[in-house]
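Okay, so here's the structure we're looking at.
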Amino acid sequence: MKISAVSHRKALILALVGIVGGLAISVASFAATSSSASLSIAASSGLSGEFGFVLSQDAPATTTWTSDATTTVTVGSVTNFAVGDHILIDEDSDGVGDSASGSSFHTITAINSNVLTVAPDITNVYTTAASVSEPSQYSGVHSWTPALNSATSVAAGNHFIVNLKGLTTSDDAFVEVITTNPNELVKNYTYLNRTIGVYVLCTDSTTCSAATPYKSSTASGSFGEAMDTTGGDINSTADILTLQNARQQFVLQGGHVYALTVEGGALFTIDTSTGTGDSLAPTDQVGITAR
């Protein structure tokens, strides 16, 4: 998985994510692995807030806590973690970022061996075993199995996580989900329709109240259905990514972390073989303009 972000408050930030799956049997649209080395982020973004970068995250990951300091946490494994990930250090394993137990949310600013540098600072010293995880809406990726001359369905799952913690809540971001290779996909599918959902992560110590961007009260550590910057219910109208309309757009409030998911879909496969100029796997990307 590769993510490229050029981060500046008023500039276009593109996070290009190559999405590949098992072409012979199924297609998954969320990368299973990533590396901090795959990211190229401008160091001086000029953004205020927790981190200062606006970018799309990699695949969710979980590992064990080993030790920590004010700005770093040492973990058992950094597999699937990358710079820009929004993580929860959870001492009591309840999924809540509450100060009473010392659990808290942070954004990874650097990775060196098994040491994660994070922001904001860790204010509580962990004295017992803790988990370090990257929250996501679903436990797995969305996927489907192409079947020749048959209609099949798309199983719901994760797609992208967009970290807008570098912006304030007075800012907003124009976010696009784009399929870049529909000309290849039409050679294998007569149609491939995926419904996009948008959820927002609650990082409050207890719950987040039902106010923009939260549609309803949401528990800490959980994703709730998101509202756009005008207070509109994003998920009330289906936003469908198709081969003919290979782009969906959202305006999201800054200062939050969003999950862009696939809520389901359908496809009809006319060819399960691949060659030059055709594909069973969509190549999707996220474009983010902070404004």
Residue that is nearest to the chain's Cα centre (by Cα) [pool: residues in segment 130-148 that are aliphatic (A, V, I, L, M) and modelled with pLDDT of 90 or more]: 132
Qualifying strands (runs of 3 or more DSSP E) (wholly inside segment 159-229; at least 1 residues being touching a residue at least 12 places away in the same chain (Cβ under 8 Å) and under 30 Å from residue 94 (Cα atoms)): 189-201, 223-225
Selection status of residue 102, part of a loop (DSSP other than H, G, I, E, B), of a type outside the set (Val, Ile, Thr), crowded, with 21+ Cβ neighbours inside 10 Å and modelled with pLDDT under 85: no
Filter result for residue 273 (surrounded by fewer than 19 Cβ atoms within 10 Å (Cβ to Cβ), modelled with pLDDT of 90 or more and among the small types (Gly, Ala, Ser)): no
Flag if residue 221 is among the small types (Gly, Ala, Ser) and closer than 20 Å to residue 176 by Cβ: no
Hits in segment 87-105 - residues which are in contact (Cβ under 8 Å) with a residue 40 or more places away in the chain and under 17 Å from residue 165 (Cβ atoms): 87, 88, 89, 97, 105
Candidates 123, 117, 127, 107, filtered to the one that is modelled with pLDDT under 90, outside the structural domain of residue 222 (by TED's automatic domain parsing) and outside any loop (DSSP other than H, G, I, E, B): 107
Any pair with Cβ under 6 angstrom, 6 or more apart, that starts in segment 264-282 at a residue that is in the same structural domain as residue 187 (by TED's automatic domain parsing) and part of a loop (DSSP other than H, G, I, E, B) and ends at one that is loosely packed, with under 15 Cβ neighbours inside 10 Å and of a type in the set (A, V, I, L, M, F, W, C): 272/148
Scan of segment 186-227 for residues that are among the acidic types (Asp, Glu) and more than 17 Å from the chain's Cα centre (by Cα), ordered by number: 204
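For (1) buried (at least 20 other Cβ atoms within 10 Å of the Cβ); (2) not polar (S, T, N, Q), each residue gets a yes or a no:
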position	(1), (2)
201	yes, yes
209	no, no
214	yes, yes
217	no, no
232	no, yes
240	no, yes
246	no, yes
265	yes, yes
269	yes, no
Residue 235 vs. criteria within 30 Å of residue 73 (Cα to Cα), touching a strand residue (DSSP E or B) at 6+ places or on another chain (Cβ under 9 Å), among the polar types (S, T, N, Q) and not in a loop (DSSP other than H, G, I, E, B): no
Top-ranked residue in segment 105-145 [being small (Gly, Ala, Ser) and more than 27 Å from residue 263 (Cβ to Cβ); ranked as surrounded by the fewest Cβ atoms within 10 Å (Cβ to Cβ)]: 113
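The values are calculated or read from the model by the stated rules, or taken from the named source; none is laboratory data. Here the structure is a predicted model, which is why all the values come from computation and not from measurement. Backbone-built Cβ (ideal geometry, glycine too); neighbour counts: all protein chains shown.
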